[in-house]
Amino acid sequence: MKMSIKYFTPLVALLLAVSLNSCKQETKDKLKDAEEAVVEETKQAAEKVGEAAESAGDAVKEAAGDVADAVEDGIEKVRVKFEAGTSSKTVESSITGRETVDYLLNVKKGQPMNISMATQNTSAYFNIMEPGEQNEAIYNGSINGNQFEGTAAKSGDYTIRVYMMRSAARRGEKADYRLEMIVGN
């Protein structure tokens, strides 16, 4: 049985078309599978990045807490006690570089306070924090000068923090000071 070329050519063309269509479908299926695999891998990678970011955030918070504790621990704390029958105390001391001293002064709500500091170093100051405060000052000596007069708004330990400005502290400067603390009745 001989097939004439006129029948053979359309048959070959039909077979090629079916084959090409089949290849196109296989390619489409492979592309869809690859796309789904990429989407899944991207989701997994995003989850890992999110977990890593959360872990890094936790590590940063922990490190910040450690730094705050280290700074807090590096501050010398001195309890101020008045001699019997007196309501004032004068301290003569010095700080060098990054040294900081917290004087803890127990005051009752409504009592007048007068705090002053004399020093030859123009970079040495004091701040005052209310009871329970670690860093938020109600009085900032570097802005307002080294003389405070006011009335205690709360009862408890007020912190008088003597420190050196950062630029002088970095240079390791020394500041001799005389801190006078007066609490009225």
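The values are calculated or read from the model by the stated rules, or taken from the named source; none is laboratory data. What you see is a predicted model, and the numbers here were worked out from it, not measured in a lab. Cβ coordinates were reconstructed from backbone atoms using ideal geometry, including for glycine residues, and neighbour counts include every protein chain displayed.
Search region 168-180 for residues that are under 12 Å from Tyr125 (Cα atoms) and pair each with any residue that is hydroxyl-bearing (Ser, Thr, Tyr) when their beta-carbon atoms are under 6 Å apart and the residues are at least 6 apart or on different chains.
Short answer, once both residue conditions are applied: Ala168/Ser123; Ala175/Thr119; Asp176/Ser94; Tyr177/Thr119.
Ser123 - would you say it is closer than 21 Å to Gly172 by Cβ and small (Gly, Ala, Ser)? Before the answer, list the steps.
Details: closer than 21 Å to Gly172 by Cβ: yes; small (Gly, Ala, Ser): yes.
Judged against the criteria, Ser123 is a match.
Kindly indicate which of Ser87, Ser142 is under 31 Å from the mean Cα position of the chain (by Cα), hydroxyl-bearing (Ser, Thr, Tyr) and either surrounded by fewer than 18 Cβ atoms within 10 Å (Cβ to Cβ) or within 14 Å of Tyr177 (Cβ to Cβ) (or both). Talk me through it step by step, then tell me what you get.
Numbers: Ser87 fails: under 31 Å from the mean Cα position of the chain (by Cα).
Only one candidate passes the filter, namely Ser142.
State which residue pairs qualify: first residue within 15 Å of Ser93 (Cα to Cα) and inside region 119-134, second residue small (Gly, Ala, Ser) in any location, beta carbons under 6 Å apart, and separation of 6 or more residues or different chains.
Thr119/Ala175; Asn121/Ala175; Ala124/Ala175; Tyr125/Gly141; Tyr125/Ser142; Phe126/Gly141
For residues in region 152-185 being modelled with pLDDT under 95 and among the polar types (S, T, N, Q), which is farthest from Glu136 (Cα to Cα)?
Going through the qualifying residues, I end up with Asn185.
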